[in-house]
Amino acid sequence: MLAKISSGATVGLNATLIDVEVDIANGLPTFTIVGLPDKAVEESRERVRSALKNSGADFPMSRITVNLAPADLPKAGPAYDLPIALGILIASEQIRPDVKKYLFYGELSLDGNLRHTNGILPLAYLAKEKKFDGVFIPRINDQEASVVRGIKVYPVESLLELVRFFSGTVKIIPSKQISLSSLLKTVEAEFDFSEIIGQEQAKRAMEIAAAGNHNIFMKGSPGSGKTMLSRALPGILPVLTEDEALEVTKIYSITGNLPPGQAIVTTRPFRSPHHTTSRIGLIGGGTNPSPGEVSLAHRGVLFLDEFPEFPRNVLESLRQPMEDGIVTISRAKGTVSYPAKFLLVAASNPCPCGYFGDAKRRCKCLPGTISRYQKRVSGPILDRIDIHVSVPSVDTQKLIDIKSNSKSKSSKEIQEKVQKARDIQIKRFRGTRIRSNAEMSTKNVKELAPLSQECRTMMISATATMDLTARSYFKVVKITRTIADLEGATDISTTHLAEALQYRPMQDDF
């Protein structure tokens, strides 16, 4: 007898429909899976065999053929265990349920229980798109699927429970719909901005970067507070919108980074890969393409400490994601695209010893060594970074003076200001895919951030003096628009523009 069960496979961030066809025929006992299965899918034979026996079902000693259609799409992962096991039960006539209107997805343990499975959220969206009545998934994943409106989610503890449900002896109650807005929150950062002594310009630069999602590059001597500023940044970032949260959750769902039992990613990601990370680790790829750090940092922060220590080819691979906000990976098995709209925070010492230009300690590096160190980061990469700021050593007097330190704004105060600025941008870009000023195209800049005659005159002078490229010119305007948003100003003024120009490096700067 032939049985047909509906399931799904993740391709990029989306899921595509997979038909699991199970045929049981007379002949020597064999168990074959076809349809471009990978090693994990082929091993389903042993998991399914044990799960059926340990659930009290009979495993048919016949010729079993499982086809995963369409046959030209590579199948990966253990999520086909449940539909294969159910297909065998139906094909061997041990149960006779109507499964045409449902999707099944999940990995089986040898005892028949369902384990945590990756890629549940894209599958739930697939079920909604294809107008299925519901999805049967592992109970541990039900919160993740319950954020999708308009689809019934049936949480299943074990294969035996599913069999009893279709036999009518037990009930499986669909999970309750989860409200996203009640889950989203601000990150509890490692450091508070009020704990950072001095560095007022760097704090202001961080505030602007958070408000407009602008990339930022900090250069300073060791111990000046670059890492501390970066670790404090998540505490002032705006709260994720519902659409952004679902985008991020899809990435974390397919990579298995979503903690078991958690519905969605509730805070903006903060990724801090080591400088020994490979190009594939940063950008993504592999035999079966998977997202890299730039995609895991989507709608969040990608912190690259010791920026010049990253291999040159790794840094150069950041060019396209920084510009386009998307990564396209082409392999022999197919082409997939992952979103990569992240806020890059790069930190660097000015030289190998770290004290070039420091007011307190003398640099011991030779001029040629300093030059080679600074050239590790190419001009095109630096040009794609919106904000450049120096972080000098903190004066000893400020470290001792408790009264002056108490005047610093807390992360909560700054976050409230940043949130208001981001709300202005969301309202401005309503109806588009743009979420922040940094994502504006050249056309958007001209339409939504017009310059007065005074500002144009200032920009002409600055372009000639600072030797700004066309890309730098528009980045300055975007930063200016963000500064105006932080002040709640409708129009851009020369004061906003003058501050924005401070964050662009001169031609001879590192």
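A short reminder: the numbers here are calculations on the coordinates, not readings from a lab. Just so you know, these numbers come straight off a predicted model, no measurement behind them. Glycine also receives a Cβ, built like all others from the backbone with ideal geometry; neighbour counts cover every protein chain displayed.
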| message | In the chain, if the dipole is taken from +1 on Lys/Arg beta carbons and -1 on Asp/Glu beta carbons about the Cα centre, which of F303, G112, A210 is farthest to the positive end? | response | A210
| field | Calculated Rg and Dmax of segment 80-218 using C-alpha coordinates, Å | value | 22.6, 74
| message | As a quick test, which of the pairs K4/K250; K75/K152; K130/K250; K4/K128; K250/K475; K341/K412 have an alpha carbon distance above 22 angstrom in this structure? | response | K4/K250; K75/K152; K250/K475; K341/K412
| Dipole magnitude of the chain about its Cα centre, charges +1 at Lys/Arg Cβ and -1 at Asp/Glu Cβ only, in debye to the nearest 20? | 500 debye
| remark: Computed over segment 2-167, the relative contact order (Cα-Cα under 8 Å, seq sep at least six) in percent reads 24 percent
| remark: To the nearest 10 degrees, the tilt of helix 470-486 (Cα long axis) against the first principal axis of the alpha carbons of the chain is 90 degrees
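By average Cβ neighbour count within 10 Å, what is the ranking of 75-83, 265-273, 165-173 from highest down?
75-83, 265-273, 165-173
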| said: Full-extension gain between M458 and S109, please, as 0.36 nm times their residue separation minus the C-alpha to C-alpha distance. | reply: 118.9 nm
| note | Computed over segment 440-510, the convex hull of the Cα set has an average projected area, in nm², of 4.6 nm²
| query | Using θ = phi - 60° and the Karplus curve 6.51 cos²θ - 1.76 cosθ + 1.60, what whole-Hz ³J(HN,Hα) does each residue of segment 260-277 get, with Gly and Pro shown as x? | reply | x, x, 8, 6, 9, 6, 8, 10, 5, x, 10, 10, 9, x, 6, 6, 8, 4
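About the Cα centre of segment 264-374, what is the dipole size in debye to 20, counting +1 per Lys and Arg Cβ and -1 per Asp and Glu Cβ, all else neutral?
Values: 14 positive and 8 negative charges, 27 e Å.
Around 140 debye, computed over segment 264-374.
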| request: Report the label-to-label distance for D423 and S337 in nanometres (one decimal), using points 7 Å from each Cα along the Cα→Cβ vector. | output: 3.3 nm
| request: Place a label point 7 angstrom from the Cα of E323 along the Cα-to-Cβ direction, then list the residues of segment 459-498 whose backbone nitrogen is under 13 Å away. | output: 470-472
| task | Mind scanning K185/K375; K131/K427; K226/K420 and naming the pairs with a C-alpha gap bigger than 30 Å? | result | K185/K375; K131/K427
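Write down the Kirkwood hydrodynamic radius of the chain, to one decimal in angstroms, obtained as one divided by the mean of 1/r over all alpha carbon pairs.
On the way: mean 1/r = 0.0391 Å⁻¹.
Hydrodynamic radius (Kirkwood, Cα pairs) of the chain is 25.6 Å.
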| task | Please work out the FRET efficiency for the pair L28 and A71, using the Cβ-Cβ distance as r and a Förster radius of 30 Å; give the result to the nearest 0.05. | result | 0.80
| query | Where the only charges are on Cβ atoms (+1 Lys, Arg; -1 Asp, Glu), what is the dipole of segment 440-510 about its Cα centre, to the nearest 20 debye? | reply | 320 debye
| message | Please report the equivalent ellipsoid semi-axes of segment 2-167, computed as sqrt(5 x eigenvalue) of the Cα gyration tensor, largest first, in whole Å. | response | 23, 17, 14
| message | Please list, ordered by chain and number, the residues whose modelled amide H lies under 5 Å from the amide H of V327; skip anything fewer than 5 residues away on the same chain. | response | Y338, A340
| note | Going from the fewest other Cβ atoms within 10 Å to the most, one would list S330, S62 as S330, S62
| So what's the angle, to the nearest 10 degrees on a 0 to 90 scale, between helix 200-212 and the longest Cα principal axis of the chain? | 40 degrees
| note | Quarter of the surface of the C-alpha convex hull for segment 193-409, i.e. direction-averaged projected area in nm², equals 13.8 nm²
| Helix 120-129 sits at what angle to the longest principal axis of the chain, using alpha carbons and giving 0 to 90 degrees rounded to 10? | 70 degrees
